[in-house]
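A short worksheet on the structure shown next.
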Amino acid sequence: MIGRKPMLKSIRFAAFVAGVSLVAAPALAADSPVVGSWATVAETQMGNFESTMTVDQSGDAYTVEMVDAPMTGPDGQAMPAMASEISDVKVDGASFSFTRKIDFQGQAIVLAYSGTVDGDTLTAQANSDFGPTPIKGTRK
């Protein structure tokens, strides 16, 4: 009988640890709702610009990749994609921000993006020297 009490304590402790790990597992596995691929549309005075924005997470760090849809020039010919650099990516829950520097025909344009995600809907704004540009997106 003396050996049963320590064994019961061990079983209770093991059950407690198992229960705590089941409760903690979803919190450890949860990613930000911002992570994923988004079909975005920037609404400008020159028309709508479509892009695919992909947000990835590795540990505590996030990256953003933007792939612009092909555009046509005034002559109807396809224009080459604009080169861009993305930096200062921050994700906090359903909110995000980053800076995108675009090379537009030799002129550098800096866009400061900020937005939120609600389910499969993304709402953002890109601020630049030209003013704010509203952006809407849906999860791909």
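Just checking, how many residues over the stretch 97-140 are among the basic types (Lys, Arg) and under 15 Å from Phe49 (Cβ atoms)?
Final tally of qualifying residues: 2.
If you take the residues in the stretch 110-136 that are surrounded by fewer than 16 Cβ atoms within 10 Å (Cβ to Cβ) and of a type in the set (Val, Ile, Thr), which one is nearest to Glu43 (Cα to Cα)?
Thr123
Within the stretch 93-109, track down each residue that is in contact (Cβ under 8 Å) with a residue 24 or more places away in the chain and surrounded by fewer than 12 Cβ atoms within 10 Å (Cβ to Cβ).
The one that is in contact (Cβ under 8 Å) with a residue 24 or more places away in the chain and surrounded by fewer than 12 Cβ atoms within 10 Å (Cβ to Cβ): Gly93.
A quick yes/no check of all residues on (1) modelled with pLDDT under 95; (2) hydroxyl-bearing (Ser, Thr, Tyr); (3) within 14 Å of the chain's Cα centre (by Cα); (4) within 24 Å of Met71 (Cβ to Cβ):
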| site | (1), (2), (3), (4) |
| --- | --- |
| Val91 | no, no, yes, no |
| Ser95 | no, yes, yes, no |
| Lys101 | no, no, no, yes |
| Phe104 | yes, no, no, yes |
| Gln107 | yes, no, no, yes |
| Val110 | no, no, no, yes |
| Tyr113 | no, yes, yes, yes |
| Gly119 | no, no, yes, no |
| Ala126 | no, no, no, yes |
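In this structure, does Gly59 turn out to be at pLDDT 90 or above, on the phi > 0 side of the Ramachandran plot and loosely packed, with under 14 Cβ neighbours inside 10 Å?
Yes, satisfied.
The values are calculated or read from the model by the stated rules, or taken from the named source; none is laboratory data. The structure presented is a predicted model; accordingly, all values stated were derived computationally and were not measured. Methodologically, a virtual Cβ is constructed for each residue, glycine included, from the backbone with ideal geometry; neighbour enumeration extends over all protein chains shown.
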